[in-house]
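Trainee: My questions all concern the structure below.
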Amino acid sequence: MSEGMSKIVKTVACIMAVPIITFGLYVIVHGHLTPGGGFPGGAIIATAVALLLVAFGGEVVLKNLHTASFSLLEGVGLILFITMALQGLSSTFFHNFLANSGGLFGSHVPFGPNLGCLNTGGVIPVMNLAVGLEVSAALSLIVLLMFTGSTEDDGG
């Protein structure tokens with residue numbers, strides 16, 4: 001395999017990874033107010049892993065980002081999502097039990113135009129975070145495993 005990308009490409013990849021992850025988190029957090037949410041935000045975050053993989057190569061990335069960590073994060077995201085769905089089961093499955101509760105995500109929404117308050121979504125932002133965590137970990141894991149599979153010799 002070749003030496004890899006130049007120092008310029010590696011430096012720009014490191015610099016761009018931070019705004020890509022930040023934008024992905026922005027899309028996840030604002031998912032209940034704007035188009036977006038957990039899935040597109042998680043996909044955006046996974047592109048940062050793909051960018052680092054292309055810039056540095058699989059060997060370097062796999063030394064720092066372990067597939068077991070992504071599997072764990074994926075499981076945590078799924079468990080959080082299922083837990084939030086089951087919490088409202090006394091009423092209905094996926095009941096928004098935090099809406100208008102006055103807590104962190106349950107501020108009351110006044111009648112009239114809404115300026116887009118982040119803490120008014122109830123369980124929706126929490127579920128967006130869970131989906132974003134699961135999707136970013138799963139897509140990152142898929143990209144890493146596809147890359148490691150593509151670099152192995154088939155023996156033929």
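Values quoted throughout were computed directly from the atomic coordinates according to the rules given, and no laboratory measurement underlies them. Owing to the predicted nature of the structure, the values given are computational and were not obtained by experimental measurement.
Trainee: For region 7-151, just list the percent of Cα-Cα distances falling in each 5 Å bin from zero outward, please.
Mentor: 2, 10, 15, 18, 17, 13, 9, 7, 5, 3, 1, 0
Trainee: While we're on this one: Can you tell me the alpha carbon radius of gyration of region 1-81 divided by the globular rule-of-thumb value 2.2 N^0.38 Å? Please list the in-between numbers first.
Mentor: On the way: Rg = 14.6 Å, N = 81, 2.2 N^0.38 = 11.7 Å.
Cα-based Rg divided by the globular estimate yields 1.25.
Trainee: I would also like to ask the following. Can you give the relative contact order of region 7-151 as a percent, counting alpha carbon pairs under 8 Å and 6+ residues apart?
Mentor: 32
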